[in-house]
Amino acid sequence: MLERIGFVGFGEAGFHIAKGLRGAGLAQTFAYDINDGEPVRGRARETDTELVESNAALADACDVIFCAVTADQALNAAEQTAPFLGSRHFYCDVNSVSPQMKQAIGRMVSWQASTAPTAGRRPAPLTGGARYVEAAMMAPVPPHLHKVPMLLGGEASPAFVEMLAPFGVRMDVVSTDQIGRAAAVKMFRSVVYKGLEALMFECVMGASQYGAEPRVFASLNASFPGVDFQKLADYMIGRVVVHGERRAREMEEVAATLRELGIEPMMAEATVRRMDWAADLGLKGHFNGEFPQSYKEVLEAIAAAEPAVK
């Protein structure tokens, strides 16, 4: 049974996955995070995770490595870790990045040029290069811990799932012959999901100016039987308050991918604007990083912070 797992990055995602795995019986966890301040050290203490001083030390300690950094640092993390990976390693990237970025990360950790690259020549395979797994987390990590639903891609995915199955993970392989499909599922789902969060936010901000929310929710409930739109508003707007900045960065990845496909990202870019707007209000700090109980609490906080907001 697998005994050691390492994490490049030990923020919210890495911490909660490690916490769940330790609770499920994993013997040891290791982590390397360039921001090794008290928040990271506190997470390490809580999960009995050993913090190491470099990517090299992490690769030396663990055969299985999860990369859980911010989206804009995913490729850098892969580049810094790749020279220390060999055939015994599995490298699973769980960051919310585009399919193209997942592919670039896969090339980075699986291939390394033995000589200086030349035009038109593919880098030679690194002898015993790491086995790469792309992962897309399809739900918030904290409530699920290591059992957060994940979609996986890559030739090494089935072996990766088999290795982690004893810990009760919820991983579904969507492709073994194409890197990027798992990321594409999450990314284009986000156009709807995060777009709906932004729409819901604008809806209640406007409707509340006229006390119209109850009627709006009732009308929507009638149009979409089985959905309680007031509860949905409470939940979705709370998610924006706590995770707005991260969601904005994820939607920038969506927008970039759509452009690469020749599709103008009108809705994705609008969602970025609304998420950034919410983050800039400092609402997360107002609620001390906790989810507000209702959308009305959020509207009250907005009114107190910026009375002119409409």
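See the values below:
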| read-out | value |
| --- | --- |
| Lys, Arg +1 and Asp, Glu -1 on Cβ, resulting dipole of the chain about Cα centre, debye, nearest 20 | 520 |
| Distance-filtered residues of region 18-32 - backbone nitrogen under 11 Å, label point 7 angstrom along residue 50 Cα→Cβ | 28-31 |
| Pairwise label distance in nanometres, residue 38 with residue 227, each label 7 Å out on the Cα-Cβ vector | 4.4 |
| Carbon plus sulfur fraction of accessible area for region 172-310, probe 1.4 Å, in percent | 54 |
| Relative compactness, region 2-46, computed as alpha-carbon Rg over 2.2 N^0.38 Å | 1.05 |
| Spin-label proximity, residue 246 to region 164-200 - amide N less than 16 Å from point 7 Å beyond Cα toward beta carbon | 187, 190, 194 |
| Cα centroid separation - region 239-256 against region 36-103, whole Å | 22 |
| Rounded to the nearest 20 debye, dipole of region 169-280 from Cβ charges on Lys, Arg, Asp, Glu | 240 |
| Packing rank of 35-48, 71-84, where each peptide gets the mean count of other beta carbons within 10 Å, highest leading | 71-84, 35-48 |
| Per residue accessible area of the chain, 1.4 Å probe, in Å² | 49 |
| Local electrostatic count at residue 11 - Lys and Arg +1, Asp and Glu -1, tallied over other residues with Cβ under 14 Å | -2 |
| Pairwise FRET efficiency - residue 57 versus residue 202, Cβ, R0 = 41 Å, nearest 0.05 | 0.30 |
| P(r) of the chain over all Cα-Cα pairs, binned every 20 Å from zero, in whole percent | 30, 54, 16, 0 |
| For the chain, with +1 on Lys and Arg beta carbons and -1 on Asp and Glu, the positive-most of 108, 75, 160 along the dipole | 160 |
| Nearest-0.05 FRET efficiency for residue 71 and residue 270, computed from C-beta distance (R0 22 Å) | 0.70 |
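The values are calculated or read from the model by the stated rules, or taken from the named source; none is laboratory data. Just so it is clear, the model here is predicted, and its values are computed rather than measured. Heads up, the Cβs are rebuilt from the backbone with ideal geometry, glycines too, and the neighbour counts pull from every protein chain shown. Protein only, heavy atoms only, side chains kept; ligands, DNA and RNA dropped before computing areas. Shrake-Rupley method; radii C 1.70, N 1.55, O 1.52, S 1.80 Å.
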